[in-house]
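Novice: Please see the structure below; I have some questions.
What follows is calculated from the coordinates using simple rules that are stated; it is not laboratory data. Here the structure is a predicted model, which is why all the values come from computation and not from measurement. Glycine also receives a Cβ, built like all others from the backbone with ideal geometry; neighbour counts cover every protein chain displayed.
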Amino acid sequence: MEGTTYHVPVMLEPCLHGLALESERAGGRNFVDVTFGGGGHSRAILDRMGPEDRLWAFDQDPDAQANALNDERFTLIPQNFRYARNFLRMHGVTEVHGLLADLGVSSHQFDAGERGFSTRADAPLDMRMNPGAGVSAAEWIAGATVEELTRVFRLYGELKRPDKAAWAVKDKEVRTTGELKAVLGHLAPRGKENKFMAQVFQALRIELNDELGALRELLKQCTAMMPEGGRLVVMSYHSLEDRLVKHFMRSGNFDDQVERDLRGAILAPFHPITRKATVADEAEQASNPRSRSARLRVAERTAIPAQS
């Protein structure tokens, strides 16, 4: 399965630049791509790495295994990136000099209608990144309370009336994406039906896969894994993810509680390379629609230890 068709890497050059691949280190460096997918970013990283460097990749989606790269410097670990530090330790890796996370759903997962991620296909309502773990979206909806549904639609879908959506879904049989759309169709604002359904699907996907929880765990691990000068490169696709990344890179915590020394300098384990997130240029946005909502942030590990 060729990586360029499985998933087109977003903001490839800015990601590679953010990892500071041009620097050198005696004995080699360890890079990590925690969202391997089709291998587009990983393939480019390998092309620019040194002969002594190693690349470790993570992906919990079984479909990604077909894209594993044939390079002795590369290892693909079929696990959720929230367990990255433990699995890297199992492989003898104690320091990570550059880590890339391209969050969200890959083009392949959207295009594979049977996975239930896309609003375009009528398929089983699954939405699991790893189909072999946890429950499907249909099963979760069947067991959720109105309060739980309301919370998910409000926080992760940012619906204007999440309670109405919750009551519309509750106690209805929604086994497929088509049935979910039929149940909620009357709530979609006129002319914004596609956007409304995308928000609903996004909300369920984030909840089902605990995407924000996994992101928090990954970011906290980076403080312990990275030596001074290590690079953290994260690309997010909606405001909730980007806010967590922004706050963590700036303050070392998710509440953005900044600590300063007596001179006013920020005391945090990472230092943002740029104040604002990088966005795709017009040409990339035109050729790759997925890049339009992407926000890329890069930070460098400081000498300051993690906050307690």
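Novice: Report relative contact order for the chain in percent, whole number only (criteria: Cα-Cα under 8 Å, sequence separation at least 6).
Specialist: Across the chain, relative contact order equals 17 percent.
Novice: Only helices at least 18 Å long along their axis, Cα-based, and averaging -0.5 or more on Kyte-Doolittle count here, so list those DSSP H runs from the chain.
Specialist: Span-like helices here: 193-208, 211-225.
Novice: So if R0 is 45 Å, what FRET efficiency would His17 and Arg151 give, r being the distance between their Cβ atoms, rounded to the nearest 0.05?
Specialist: Approximately 0.70, to the nearest 0.05.
Novice: Shifting gears a bit: Would you mind ranking Met129, Met197 so that the residue whose beta carbon has the fewest other beta carbons within 10 Å leads the list?
Specialist: Met197, Met129
Novice: To check you understand DSSP bridge types, tell me what percent of the beta bridges within the chain (both residues inside) are antiparallel, rounded to 5.
Specialist: 45 percent
Novice: Now for a different question. Taking Rg/Rh (Cα atoms, Kirkwood Rh) as the quantity of interest, determine which of [x] 0.98; [y] 1.08; [z] 1.05 was computed from the displayed structure.
Specialist: So the structure-derived entry is [x].
Novice: Each label point is 7 Å from the Cα along the Cα-to-Cβ direction; what then is the distance between the points at Arg48 and Arg161, in nm?
Specialist: 4.9 nm
Novice: Could you check the spin-label model distance between Ala182 and His271? Points 7 Å from the Cα along Cα→Cβ, value in nm.
Specialist: 5.9 nm
Novice: How would you classify the range 178-308 from its alpha-carbon gyration tensor, with a ≥ b ≥ c the square roots of the eigenvalues: rounded for a/c under 1.5, else prolate if a/b is greater than b/c, otherwise oblate? Each step should come with its number before you reach the end.
Specialist: Working: a/c = 2.75, a/b = 2.00, b/c = 1.37.
Judged from the Cα gyration tensor, the range 178-308 comes out prolate (a/c at least 1.5, a/b above b/c).
Novice: Additional query: Can you list the residues, at least 5 places off or on another chain, whose amide H is less than 5 Å from the amide H of Arg128, using H built in the peptide plane?
Specialist: For Arg128, the qualifying residues are Ala137.
Novice: Is it possible to state the helix-based mean residue ellipticity at 222 nm for the chain, with each DSSP H run of 4+ residues giving -39500 (n - 2.57), the sum divided by total residues, to the nearest 500 deg cm²/dmol? What is it?
Specialist: Helices in the chain give a 222 nm mean residue ellipticity of -10500 deg cm²/dmol.
Novice: Take every Cα-Cα distance within the range 16-110, group them into 10 Å bins from 0 onward, and report for each bin the whole-number percent of pairs it holds.
Specialist: Reading upward from the zero bin: 16, 53, 28, 3, 0.
Novice: Given bins 5 angstrom wide, list per bin the percent of all Cα-Cα distances in the range 130-208, short to long.
Specialist: Final binned percentages: 3, 17, 29, 30, 15, 5, 1, 0.
Novice: Where the Cα atoms of the range 186-226 are projected onto their three principal axes, how long is each span, largest first, in whole Å?
Specialist: 49, 17, 9
Novice: Additional query: Sorted from fewest to most neighbouring beta carbons within 10 Å, what does the list Glu284, Glu217, Glu207, Glu13 look like?
Specialist: Least crowded to most crowded, the residues run Glu13, Glu217, Glu284, Glu207.
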